[in-house]
C-alpha cells in the first residue's frame with residue numbers, strides 16, 4: 001500500500017542521528033565567487049539543458065570527491081552546496097568551492113536519479129521506490145513517500161495557481177505523481193501505459209513526459225488532467241525538453257522527434273543510427289543530443305535538418321549542455337568534451353578514465369559531473 005510518512009521534530013532528530021552525518025566547520029559557510037546555480041536535472045523545469053554561464057577555453061581540474069559507488073545521475077548546485085546521489089544509496093552535500101563533505105543521508109537503496117533543489121529543500125528518489133524530501137542545509141528528513149517501485153528519473157517543479165511549489169516525479173509503476181513541495185501531500189497521480197524512465201518537463205501550464213508505452217503524454221500541470229498523447233514510434237528511455245510550445249525527445253528507434261504540444265502533432269523527425277537514451281539540449285536555434293551510435297548530434301531547431309555530428313569512442317547516454325556557444329558532452333568512452341556549437345569542433349577535452357552516463361551541471365563558470373568510478377569532478381579556472 002502506498003503511503004506517506006510525516007515526521008515530527010523529535011522523530012526527525014532521532015532519524016537524523018541514525019542516518020546522517022553533518023559537518024559544521026566554518027568552510028560550510030564559504031560563499032562561492034558566483035551565485036549562478038544549477039538546481040535541477042537539465043538546469044530548469046523545461047529540461048532545456050542550457051546555461052548562461054561562459055566557460056573557460058581550457059578548464060582545469062579543481063577538485064574531486066569520491067562516493068561509495070557509481071554516479072549515474074547528475075549533480076545539482078545551489079548557492080553554497082553541491083548535491084549528488086550515488087548507487088551506494090546515499091545523498092551527498094558538498095561545499096561547491098572545495099568539494100568538502102558537509103552531510104550525507106542514506107536512503108537505503110541505489111540512487112540513479114538526479115536531485116532537485118527547490119528553496120530550502122532537496123528531493124530525490126531511489127530504486128526501492130522511496131521519494132525523499134530533505135532539508136537542503138542539514139540533510140534532515142522532512143518527508144518521505146513510498147511509491148513501492150523504482151524511481152529512475154529526477155523530479156521537476158512548478159507552481160500552482162496559489163503560488164505554492166509542486167513536485168512531479170515518475171515511477172516504474174507507470175504513474176506520474178504530483179506532491180505538495182512542503183507537505184508531501186499527494187495532489188494527483190496519472191496512470192500511463194508502461195514504465196516511466198525519465199523526468200517530466202513543464203512550462204507551468206503543461207507537463208510532458210514519455211516512457212515505455214511509446215507515447216509522449218501531455219497533462220495539465222496543476223490538475224494532472226490529460227491534454228493529449230502523441231505516439232513517438234518507439235519507447236522513450238530519456239526525458240523530453242520543452243521550449244516555446246514544442247517538446248523535443250529522443251526514442252529507442254533512433255529518432256529525435258519535435259512535437260507541438262498544443263497542436264498535438266509531430267513537426268519533424270531526425271534519424272540517427274542508434275537509440276537515444278540521452279535527453280536533448282535546446283538552444284535558440286539548435287538542438288543537441290547524444291546517441292548510442294557513439295555520436296553527439298546537432299540539428300536545426302526549426303526544421304530538424306542536420307548541422308553536424310561529432311563522433312566519440314563509445315555510446316553517449318549523457319545529456320549535453322549548451323553554454324554560451326559551447327556544447328558540453330560526455331561519453332561512455334570516459335571523456336568530457338567541449339565542442340563549438342556552430343561547427344562541432346573540439347575546443348577542449350578531458351579524459352576522466354571512467355565511463356560517464358550522467359550529465360554535466362554548469363554553475364559559476366564551473367563544470368560539475370559524476371562518473372562510473374563514483375567520483376564527482378569539478379572543472380574551472382584555478383585562482
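Tell me, which residue of the range 339-363 that is more than 21 Å from residue 69 (Cα to Cα) and within 19 Å of the chain's Cα centre (by Cα) is surrounded by the most Cβ atoms within 10 Å (Cβ to Cβ)?
Looking only at the range 339-363, we keep the residues that are more than 21 Å from residue 69 (Cα to Cα), and these are 339-350, 362-363.
Still in the running and within 19 Å of the chain's Cα centre (by Cα): 362-363.
Working: 362: 28, 363: 25.
Among residues in the range 339-363 that are more than 21 Å from residue 69 (Cα to Cα) and within 19 Å of the chain's Cα centre (by Cα), the one surrounded by the most Cβ atoms within 10 Å (Cβ to Cβ) is 362.
Do we have any residue at all in the range 54-76 that's modelled with pLDDT under 95 and either under 22 Å from the mean Cα position of the chain (by Cα) or within 21 Å of residue 282 (Cβ to Cβ) (or both)?
There is at least one residue in the range 54-76 that is modelled with pLDDT under 95 and either under 22 Å from the mean Cα position of the chain (by Cα) or within 21 Å of residue 282 (Cβ to Cβ) (or both).
So residue 99 clears everything in (1) assigned to a loop (DSSP other than H, G, I, E, B); (2) touching a strand residue (DSSP E or B) at 6+ places or on another chain (Cβ under 9 Å); (3) at pLDDT 95 or above; (4) buried (at least 20 other Cβ atoms within 10 Å of the Cβ) except one condition, right? Which one?
For residue 99, the failing item is (4).
Name the one entry in 204, 139 that is in a loop (DSSP other than H, G, I, E, B), touching a strand residue (DSSP E or B) at 6+ places or on another chain (Cβ under 7 Å), touching a residue at least 60 places away in the same chain (Cβ under 8 Å) and under 21 Å from residue 246 (Cβ atoms). I'd like the intermediate steps shown before the answer.
On the way: 139 fails: under 21 Å from residue 246 (Cβ atoms).
Unique residue meeting the criteria: 204.
Determine which single condition residue 151 fails, assuming it passes every other condition in (1) within 25 Å of residue 356 (Cα to Cα); (2) part of a strand (DSSP E or B).
(2)
Does residue 253 count as surrounded by fewer than 23 Cβ atoms within 10 Å (Cβ to Cβ), in contact (Cβ under 8 Å) with a residue 24 or more places away in the chain and over 20 Å from the mean Cα position of the chain (by Cα)? Reasoning before the result, please.
Working: surrounded by fewer than 23 Cβ atoms within 10 Å (Cβ to Cβ): yes; in contact (Cβ under 8 Å) with a residue 24 or more places away in the chain: no; over 20 Å from the mean Cα position of the chain (by Cα): yes.
Spelling it out, it is not the case that residue 253 is surrounded by fewer than 23 Cβ atoms within 10 Å (Cβ to Cβ), in contact (Cβ under 8 Å) with a residue 24 or more places away in the chain and over 20 Å from the mean Cα position of the chain (by Cα).
Of 108, 129, 89, 139, which residue is closer than 24 Å to residue 197 by Cβ and touching a helix residue (DSSP H, G or I) at 6+ places or on another chain (Cβ under 9 Å)? Write out each step before concluding.
Numbers: 129 fails: touching a helix residue (DSSP H, G or I) at 6+ places or on another chain (Cβ under 9 Å); 89 fails: touching a helix residue (DSSP H, G or I) at 6+ places or on another chain (Cβ under 9 Å); 139 fails: closer than 24 Å to residue 197 by Cβ.
The match here is 108.
Considering only the range 158-180, I want to know if a residue exists there that is outside any strand (DSSP E or B), in contact (Cβ under 8 Å) with a residue 24 or more places away in the chain, under 16 Å from residue 75 (Cα atoms) and more than 18 Å from the chain's Cα centre (by Cα).
Initial filter on the range 158-180 (outside any strand (DSSP E or B)): 160-164, 171-174.
From what's left, in contact (Cβ under 8 Å) with a residue 24 or more places away in the chain: 160-161, 171-174.
Then keep just the ones that are under 16 Å from residue 75 (Cα atoms); that gives none.
Looking through the range 158-180, none of the residues is outside any strand (DSSP E or B), in contact (Cβ under 8 Å) with a residue 24 or more places away in the chain, under 16 Å from residue 75 (Cα atoms) and more than 18 Å from the chain's Cα centre (by Cα).
Which of the residues belonging to the range 271-308 are part of a strand (DSSP E or B) and buried (at least 23 other Cβ atoms within 10 Å of the Cβ)? Spell out the reasoning first.
Narrowing the range 271-308 to residues part of a strand (DSSP E or B): 271, 281-282, 286-291, 295-300, 306-308.
Those that are part of a strand (DSSP E or B) and buried (at least 23 other Cβ atoms within 10 Å of the Cβ): 281, 282, 287, 288, 289, 290, 291, 296, 297, 298, 299.
Step by step: first the residues of the range 309-322, then only those that are under 16 Å from the mean Cα position of the chain (by Cα) and outside any loop (DSSP other than H, G, I, E, B), then the one that is surrounded by the most Cβ atoms within 10 Å (Cβ to Cβ). Which residue is that?
Of all residues in the range 309-322, those under 16 Å from the mean Cα position of the chain (by Cα) come to 316-322.
Now drop any that are not outside any loop (DSSP other than H, G, I, E, B), which leaves 321-322.
Numbers: 321: 28, 322: 25.
My answer is 321.
Can you pull out every residue in the range 356-382 that is farther than 14 Å from residue 76 by Cβ and either free of Cβ contacts under 8 Å to residues at least 40 places away in the same chain or part of a strand (DSSP E or B) (or both)? Spell out the reasoning first.
The first filter runs over the range 356-382 and keeps only residues farther than 14 Å from residue 76 by Cβ, leaving 356-357, 365, 371-375, 377, 379-382.
Listed by number, the residues that qualify are 356, 375, 377, 379, 380.
Restricting to the range 66-89, count the residues that are closer than 21 Å to residue 352 by Cβ and surrounded by 20 or more Cβ atoms within 10 Å (Cβ to Cβ).
Let us first name the residues in the range 66-89 that are closer than 21 Å to residue 352 by Cβ, namely 66-77, 82-88.
Restricting the remaining residues to those that are surrounded by 20 or more Cβ atoms within 10 Å (Cβ to Cβ) gives 67, 70-77, 82-87.
Selection size over the range 66-89: 15.
Could you grab me the full set of residues in the range 116-134 that are under 18 Å from the mean Cα position of the chain (by Cα), part of a loop (DSSP other than H, G, I, E, B) and under 15 Å from residue 171 (Cα atoms)? Show your work before the answer.
First, the residues of the range 116-134 that are under 18 Å from the mean Cα position of the chain (by Cα): 116-119, 121-127, 129-134.
The next check asks that each one be part of a loop (DSSP other than H, G, I, E, B); those that pass are 119, 126-127, 129.
126, 127, 129 - these are the residues of the range 116-134 that are under 18 Å from the mean Cα position of the chain (by Cα), part of a loop (DSSP other than H, G, I, E, B) and under 15 Å from residue 171 (Cα atoms).
The values are calculated or read from the model by the stated rules, or taken from the named source; none is laboratory data. Just so we're clear, the structure is a prediction, and the values are computed from it rather than from any experiment. Please note: Cβ atoms are built from the backbone with ideal geometry, for glycine as well, and neighbour counts cover all protein chains shown.
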